[in-house]
Each structure stands twice: as C-alpha cells, then as structure tokens.
Amino acid sequence: MEIKRDFYLQELLQSRHNGMIKVITGLRRSGKSYLLFNLFADALVHEGVADNHIIKINLEDRRNSELRDPDNLLHHIDSLLVDDQMYYILLDEVQMVREFEDVLNSYLSVKNADVYVTGSNAKFLSKDIITEFRGRGWGVHVHPLSFEEYMSVHSTSDMTRALMDYMQYGGLPKVALMQDENEKKTPDDIRGALDEADQGETEIVAGKLPEDRYDEFSLVVPSPAVPSDTGVVAAMKERGVPVWSEIELGYRMAPGRVLAITGTNGKTTTTTLVGEIMKAFCPDVYVVGNIGFSYAGIADRTGDDPTFVAEVSSFQLENVEEFKPAVSAILNITPDHLNRHHTMENYIAAKEAVAARQTKDEVCVLNYEDPVLREFGENRCPARTVFFSSKTRLEDGYYLDGEVIFAAEEGKGVPLMSVREMKLVGVCNAENVMAAIAIARAAGVPMETIIPVVKSFNPVPHRIEFVATRRGVDYYNDSKGTNPD
C-alpha cells in the first residue's frame, strides 16, 4: 500500500542543498518516518542518487541503540562518507540521541552532506527547535493522515477495521472514551473499556499527572471542562505539545461533513431539530458534541459519507486547529462563562472560532438581531453569511413577521409556516427554528422535508419544556439553562 503525501514530499525535494538541517516534526503516527524513509528516499533514487549515498538510520530501533551516543553516531556517519559526491543523511527520531543538536550542527559545514531528521517529542513539536541549529534549521510540520487520505488507497468496506488500520498505520492513537455519569472511574474501569488486544499495551494514569512525565506526551485531548490556560494543559502548550479539543479529534478521525451549532442559548434545541431534519433527508446522521454524545467516540462507527450535527460550546472551540464545518451557526452571544474566558472579548472570539477556517464555499448562519453577530457577519466572517431575524424584514435570509416565518431572497419574502403550527413556544424558539431551517437549507435539504419535521418536533426535555397549566398559569421546565436570558 502506498499513500502519497505529495505536499510534504515536494517541500523536502525543494529544500535539498539549501545549507540547512531539515527538521520534520509532527505527532507520533503522523507518517514522518514513511515520508522520510520511503517517499523521499524513493524520490532520490528515482532522480539517480545511488543507494549507498542515502544513509538511513532509525534511532528508535534497538539494533541502533549504540548510535544514540553522539560520538558513536558521528563516527558511524563519517565512516560512510567515502567520496565527494552528495550524501543524504536521514535520521529518524533523532531526539533519541543525547546532545543531538551538536551532532547535527557538526554537519552544517560538510559540503557534501544534506541532513534530514524527524522527531516527535515535546521539544521537536516546539516552534523553537529551529533556533537550535544556529538559524540554519528548516522545518516541515507533518499533520496526521486524514482518514479520507488513508481510505483513498484502502480497499476494505469494513469501516471499523479500516479505522483501526488507519490509526496503526499513520493516523491518530487509539482513544477510549468513558461516560463518567458523575462517577469516579478506576484505572481498571477505564482499561475494561478498551479492546482486549489493547488492554495490555495501554498505560493509564489516574489522579495527578507527575510533572516529570510531561515530555512523554505528543498530543493532549483534555476534557472541555479543563481550562486551557492553567495547570497541565498550559504546561503542555508551553512545551509545544499539541492540545486538541475532542471535536478536533473527532473531526480528524471521521470522514463526512459537519454542521456545527454554537451560541449562548438555544444550542441544544437547534442542534436536536437540525438532527431530526437531516435524519429525514439522508442516512448516516449523527448528533454529537456538547449535547452529550462524543464526536470522537463514534468516528469508527460511521458509513462512507456521514453527516455530523454538532453542538459545540465555547470550551470545545478553544483548542481547534483544522475543524471546518460545511455549515456553522452562532445563534446569539450574551455574557456567560466569563469565569472561564475572563473577558467578553475572549468569549466572543471563542464562539466566532466555529467559522474561523471556513471560506465562501461554506455557510455561517447568524442572528441579525445580535449586534456582535451582525457586525461579524457583515465585516469579518470568512464564510458566506445567512442571517435570520425575529424583528427585521430581511432582503435575504429568514425572518419572523408577526406569527409567520418567511424565507427571503433579493427582497422577495415567501411565507413558510406560522409559529402556531409549532410545538415550540416563544420568540427564542422561533429564532431557533429559523436557524435550523437556514442550516438545513444550506446543507441541501428541500423545504418540503424541513417544514413537516419542524411542525412535529417536540421540545427538548428541560429546555422550555411545557409541564402543566394550573389555575390559568402555564408552567415550563427550563432547568438545563445556564443563564437567565
């Protein structure tokens, strides 16, 4: 099986003979060794470089343990440089060598030596590593193989088996996800959730992580409840260790498109409604995220073309790097969770991050009546913006006029339904419905599929859920609300 990583390969080929140490960084299992020892070495041979002028040393191999001594490594390499022709020195996991910086710097003055190294510990994931080579280090950061990239050459129809192979071959490490149900899990409980084959190979640390173990990590996926600017997470970031949210991990593991919904209020209702609409339109739909179902936890149980409807919180959006929804939505922004984000500006930035990597090929649905979101949509949002409004007749978008929801295009409004036809109550739920309609339409769902689902949709438990009428007073259960708005 051959997986082509042409972008990274071309970077290496173009860097030849530039007088610098080529430093390939990335997480473990991101395919660095394969890129260097297979793709790059094969490309050199194809261009006429003799095999004995390509020196490949895997320093993680026990058979090369003596070469982890810097003097032994220098002597070994020097013994292989037998003529004036160009030599390509390829060293895998060079951090295994003590004082490896001094070893590599010694070859900067050797005119017929071109040096390429990989590394995956915390130091090598740091942006500062290049400075170790006296300003003559040149970096290539390799991202893990996407599942789509892996499946482009994978023949099996067994998606679960394919995902396991993908993780072993060059994707991401295996993940055990536990529903804690407010219980404290023991290491044995956690180990029991793993596949039997993995139980003996997995180390589990319960309680406080010893500081002397921080450098062993190549990736951290913290609980959303753990702040990113304190404690272990902050320490890992300082060491250059990548920190991903669980939705980032799920996004990288799973194929398919994502419809991502955030906001201070209304996320759960809107996400649940969009999920029901999508299930009425297409197969293989998963409602995930802050709503209570792990995105990463179902990544190995999807079909070839899944749709993820994700409720994402500001906490989950703190540590995303490549997360890019096909459709995003920010329902509203009012002060909340400021004990975590410290300032309103930080909280707004966290919410807006849901659209940060989108382009005009994607859609972001926004509330026109929220001044922060209106400014964002009109001036700064990188995606194509679709507004909804409960007060303003929009030229384009979705709006509430009296008791009727309209869809507008180029100034022409088309009535869709009356709010009296819904089981949801209140202007806030009219806004949630308009957002859901906008998201579903942006995802390609026809209106004749959307409207019947909206009309039959029941309130989510504990979210403005009707309880009873007593003495002419209606009572509603909104016990899962996190703020008074």
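The GluC sites (Glu not before Pro) found in the stretch 73-111 that occupy coil by DSSP, while having at most 13 further C-beta atoms within 10 Å, are 99. Rounded to the nearest Hz, the phi-derived 3J(HN,Hα) couplings of the stretch 245-260 under the Karplus curve 6.51 cos²θ - 1.76 cosθ + 1.60 (θ = phi - 60°) are 6, 5, 6, 5, 4, x, 4, 6, 7, 10, x, x, 9, 10, 10, 10, where x marks glycine and proline.
Reducing the stretch 65-100 and the stretch 38-60 to their Cα centroids gives an inter-centroid distance of 14 Å.
Sorting 387-397, 80-90 by their mean Cβ neighbour count within 10 Å, with the most densely packed peptide first, gives 387-397, 80-90. Here the stretch 1-91 exposes an accessible surface that is 45 percent carbon and sulfur, computed with a 1.4 Å probe and the other protein chains kept in place. Listed peptides 319-325, 205-211 appear in the order 319-325, 205-211 once ranked by packing, highest mean of other Cβ atoms within 10 Å at the front.
Within the stretch 20-74, the GluC sites (Glu not before Pro) that combine a DSSP coil assignment with at most 16 other C-beta atoms in a 10 angstrom radius are 47, 60.
Judged by the gyration tensor of its Cα atoms, with axes a ≥ b ≥ c, the stretch 1-111 is oblate; a/c meets the 1.5 cut and b/c is at least as large as a/b.
Annotation note: trypsin sites (Lys or Arg not before Pro) in the stretch 22-109 located in DSSP loop regions with a Cβ neighbour count of at most 13 within 10 Å are 98. Working from Cα pairs under 8 Å separated by at least six residues, relative contact order for the stretch 389-439 is 28 percent. Residues in the stretch 265-366 average 35 Å² of solvent-accessible surface per residue, probe 1.4 Å, ligands and nucleic acids excluded. Taking amide hydrogens as placed 1.01 Å from N in the peptide plane, the amide H of residue 25 sits under 5 Å from those of 140, 141, 142, each at least 5 positions away in sequence or on another chain. Here the stretch 401-450 has 49 percent of its accessible surface on carbon and sulfur atoms, given a 1.4 Å probe and all protein chains in place.
The values are calculated or read from the model by the stated rules, or taken from the named source; none is laboratory data. All figures in this text were calculated on a predicted structure; none of them were measured in a lab. When we count neighbours, we look across all protein chains shown, and the Cβ atoms used for this are built from the backbone with ideal geometry, even at glycine. Accessible surface is based on the protein model in full, side chains and every heavy atom, while ligands, DNA and RNA are left aside. Shrake-Rupley method; radii C 1.70, N 1.55, O 1.52, S 1.80 Å.
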